[in-house]
Each structure stands twice: as C-alpha cells, then as structure tokens.
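J.: What follows is a single structure, and I will ask about it in a moment.
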C-alpha cells in the first residue's frame with residue numbers, strides 16, 4: 001500500500017468513532033485532510049448532524065467546500081471529540097505536532113475536546129521523540145531575545161540543537177494563521193518530553209510549542225498488515 005492509502009485506512013478507522021450529534025474538532029495536515037473528506041462523505045450518506053471546529057484556515061476552507069457545518073470555540077467551547085494527525089508519536093502517546101504550522105490552534109481545539117484521537121501511518125510511531133524538528137511558534141517581536149531564552153530552556157531540559165526559522169519554499173518567512181513565526185528545534189532526541197514541555201512553557205515570547213503531552217487517548221496507525229491501535 002502507498003503512504004496515502006495507509007493514511008486513508010487510519011482516517012477511515014477513526015471515522016467509526018463519529019456519531020450523529022457530535023461536536024468535532026477537525027485537524028490539519030495530510031492525514032486529517034483525508035479524514036475531513038471521508039467525514040463529508042459519511043455525513044451526506046447517513047444524514048449525520050454534526051458541528052465542527054477547524055484547527056486552521058486550510059481546514060476551514062476544505063470543510064466549508066464540502067458542506068460540513070462549522071462553529072467556533074467561542075460559540076461551542078466544549079467538544080466531544082477531536083481527530084488529528086501527528087508528526088511523531090511515542091509509545092506513551094506523547095506527540096510532536098506542528099509540521100503544518102497549525103499546532104497552536106490544534107492544541108486549543110484538542111484541549112477543548114473530551115476525547116482526542118490521533119490518526120497516522122506507521123512511520124509516525126517512534127521509540128523517542130525528536131528526530132522530527134520540534135515546532136516553536138513565537139511572537140515576531142523580539143524574536144532573537146526569545147530564541148536565546150528558548151536555547152536556555154532547551155539546555156536546562158537536557159536537550160540541545162539548532163533552532164531554524166521556518167521559511168516557505170520561496171525563501172520568505174512563514175507566518176502562521178495567527179501571524180506568528182516558527183522556530184524549528186532540531187534536537188535529534190528528546191529524552192524527557194514532559195520536562196522539556198514544562199521548561200518551554202515558561203519562556204515569554206513563545207506562543208506555543210509542538211509537544212502534546214498526555215492529551216491523546218489513542219493512536220490509530222495504519223500499517224502494511226492492517227490497523228494497529230495504541231492506547232495506554
């Protein structure tokens with residue numbers, strides 16, 4: 001099976017958790033995009049009544065184009081379920097997210113949900129987080145000062161590595177939906193994700209980091225031999 005086919009298998013499995021009347025958080029990224037497509041198909045086929053909150057402008061545009069009813073967390077501050085992808089997943093269901101530059105809104109939405117399910121292909125499951133660069137969304141103001149504080153916090157948590165300003169393919173600085181920038185921390189291995197998350201939480205100028213600790217209840221992984229579910 002191709003990678004896209006595996007992603008579709010994971011998305012289809014997660015769709016089984018959706019019931020009519022639910023308030024859903026819709027993720028961002030390649031696997032989440034497939035899920036939104038499948039959700040629209042099932043919603044129309046079974047006349048499901050749903051109310052959804054997108055985690056990015058890209059997901060909002062996609063969902064609107066498919067006729068999925070949308071709301072906001074201001075109007076619907078509590079959600080039943082959020083389904084989203086991840087860039088890395090460890091055996092304790094700690095995640096790195098933010099490869100699609102949407103982890104701030106993703107974390108807000110997923111913290112508002114009673115349940116959070118991760119969908120991915122088997123390549124995203126790793127023994128230790130960190131090979132994928134950790135996204136750090138920062139306010140543009142005073143970025144160099146923030147960078148230095150981030151380096152100190154990362155070092156205090158027992159990690160080290162280069163912090164690179166994320167750019168678009170044309171070389172321009174990438175700005176998130178919230179107007180912030182992203183520093184990608186190339187750490188290699190994060191021995192203690194919870195300790196690093198706590199250290200980063202105390203850095204002024206950092207809007208949000210891409211470590212999702214203790215949030216997911218399960219990961220649905222599509223493998224070449226079938227669906228694998230990881231729970232704690």
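The values are calculated or read from the model by the stated rules, or taken from the named source; none is laboratory data. For clarity, every value in this text was computed on a predicted model and none was experimentally measured. Backbone-built Cβ (ideal geometry, glycine too); neighbour counts: all protein chains shown.
J.: Out of (1) farther than 26 Å from residue 32 by Cα; (2) out of contact with any helix residue (DSSP H, G or I) (no Cβ under 8 Å at 6 or more places or on another chain), what's the single condition that is false for residue 202?
T.: Result: residue 202 passes all but (2).
J.: Kindly list the number of the only condition in (1) closer than 30 Å to residue 191 by Cα; (2) touching a strand residue (DSSP E or B) at 6+ places or on another chain (Cβ under 8 Å); (3) surrounded by fewer than 16 Cβ atoms within 10 Å (Cβ to Cβ) that fails for residue 64.
T.: It fails just one condition, (1).
J.: Inside segment 156-179, can you point out the residues that are surrounded by 20 or more Cβ atoms within 10 Å (Cβ to Cβ), more than 13 Å from residue 99 (Cα to Cα) and under 18 Å from the mean Cα position of the chain (by Cα)?
T.: Of everything in segment 156-179, nothing turns out to be surrounded by 20 or more Cβ atoms within 10 Å (Cβ to Cβ), more than 13 Å from residue 99 (Cα to Cα) and under 18 Å from the mean Cα position of the chain (by Cα).
J.: Ok, one more. Within segment 101-111, can one find any residue that is modelled with pLDDT of 95 or more, part of a loop (DSSP other than H, G, I, E, B) and under 27 Å from residue 231 (Cβ atoms)?
T.: yes
J.: Now for a separate question. Looking at residue 145, is it in a helix (DSSP H, G or I) and surrounded by 16 or more Cβ atoms within 10 Å (Cβ to Cβ)?
T.: Spelling it out, it is not the case that residue 145 is in a helix (DSSP H, G or I) and surrounded by 16 or more Cβ atoms within 10 Å (Cβ to Cβ).
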